[in-house]
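The values are calculated or read from the model by the stated rules, or taken from the named source; none is laboratory data. This structure is a prediction, so every number in the text was calculated from the model and none was measured. Cβ atoms come from the backbone with ideal geometry, glycine included; neighbour counts cover every protein chain shown.
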Amino acid sequence: MSLELFNFRYSVYGWIVRMVLEEKGLAYEAHAVNPFSTPLPEGYLDLHPFGRVPVLRHDGFTIYETVAITGYLDDAFNGPMLQPADARSRARMRQIISIADNYAYIPLVRQVFSHRVFRSAMNEAADEKIVAEGLAAAVRILDALENLLASEGFAAGPQFSLADAHLGAMMGYFTMADEGAHMIASRPKLDRWWQRMAEWPSLVKTRPSLA
C-alpha cells in the first residue's frame with residue numbers, strides 16, 4: 001500500500017486529515033507543499049488544480065478536498081469507524097462538518113487565529129480590526145454549535161467521529177487565542193467537549209508546532 005499526503009505544516013485542513021490518519025492507524029509518506037509559494041512545485045497543479053492542500057494519493061488514486069479525503073480514509077481502510085451508523089447521528093456529523101467548513105473557518109482560523117496568534121509567532125503585524133470581526137462572527141457560530149453538540153460523549157454522539165476531527169482542529173487553533181478560549185469556556189457543552197478534545201491523543205500528537 002502506498003499512501004501519500006501532500007500538506008502545508010500549518011494548514012488546519014491538513015491537521016484534520018492527519019488526525020484521521022492517526023485514528024485509523026495508517027502510515028503514510030508526507031510531502032511538504034507551501035500553497036502560498038510562487039511557483040508551486042512542478043506538477044502540483046496536476047494533483048490539485050486549485051493549488052491548495054491537502055492532497056491524498058493512494059496507490060495512484062488522487063483525491064483532494066478534506067471532506068472527501070477523510071470520508072475516503074474511513075471507508076477504504078480498516079480501523080475504528082469514524083462515521084456513525086445511524087442516520088440521525090451521521091446527519092449531525094455532516095452538519096457539524098459543514099458548519100466548520102462554511103462558517104467557522106474564516107472567522108475562527110483565518111481571522112482570529114491567524115491575526116492574534118500566527119502572525120505574532122511569525123513576527124508579523126496583526127490587524128486588530130480583523131480580529132474583532134472574527135470574534136464578533138464567532139458568537140453566532142459557537143452558539144449554534146452549543147445547541148447542536150451531543151450532551152455527552154463527542155460532537156455527534158457517543159463515539160469519536162469525523163466531526164470531532166474537523167471541529168477539533170479548528171477549535172485547536174481558535175483556542176490558542178485567549179479570547180477564543182474564553183468564548184469556548186463560557187458555553188457548557190462546548191467547554192465539556194473541548195476539555196476532552198484538547199487532550200485527545202490524535203489531536204495532541206498531530207498539533208502543528210508554531211515554533
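Tabulated data
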| item | result |
| --- | --- |
| Residues that are aliphatic (A, V, I, L, M) and in contact with an Asp or Glu (Cβ under 7 Å, 6 or more places away or on another chain), drawn from region 82-111 | LEU82 |
| Residue list for region 79-92, filter: of a type in the set (Gly, Ala, Ser) and either assigned to a helix (DSSP H, G or I) or in contact (Cβ under 8 Å) with a residue 24 or more places away in the chain (or both) | GLY79, ALA87, SER89, ALA91 |
| Tally, over region 113-153, of residues that are touching a Phe, Trp or Tyr at 6+ places or on another chain (Cβ under 6 Å) and among the β-branched types (Val, Ile, Thr) | 1 |
| Which numbered condition LEU142 fails, given (1) closer than 20 Å to THR66 by Cα; (2) surrounded by fewer than 22 Cβ atoms within 10 Å (Cβ to Cβ); (3) touching a residue at least 12 places away in the same chain (Cβ under 8 Å) | (1) |
| Counted residues, region 96-152 - those being outside any helix (DSSP H, G or I) and touching a helix residue (DSSP H, G or I) at 6+ places or on another chain (Cβ under 9 Å) | 8 |
| Contacts under 6 angstrom Cβ, first residue in region 29-51 being within 11 Å of TYR64 (Cα to Cα), partner assigned to a loop (DSSP other than H, G, I, E, B) and among the aliphatic types (A, V, I, L, M), 6 or more apart | GLY51/LEU40 |
| Residue ranges of strands (runs of 3 or more DSSP E) in region 1-78 with at least 2 members within 19 Å of SER209 (Cβ to Cβ) | 3-7, 29-32 |
| Checklist (1) within 26 Å of SER37 (Cα to Cα); (2) of a type in the set (A, V, I, L, M); (3) touching a residue at least 12 places away in the same chain (Cβ under 8 Å); (4) not in a helix (DSSP H, G or I) applied to ALA169, failing item | (4) |
| Yes/no for LEU203 being of a type in the set (A, V, I, L, M, F, W, C), part of a helix (DSSP H, G or I) and touching a Gly at 6+ places or on another chain (Cβ under 8 Å) | yes |
| Number of the condition not met by ASN102 [criteria: (1) surrounded by 13 or more Cβ atoms within 10 Å (Cβ to Cβ); (2) under 15 Å from the mean Cα position of the chain (by Cα)] | (1) |
| Out of ASP164, ASP143, sole residue that is more than 23 Å from PRO84 (Cβ to Cβ) and either in the same structural domain as PHE8 (by TED's automatic domain parsing) or among the acidic types (Asp, Glu) (or both) | ASP143 |
| Any chance MET171 is closer than 19 Å to VAL12 by Cβ and modelled with pLDDT under 95 | no |
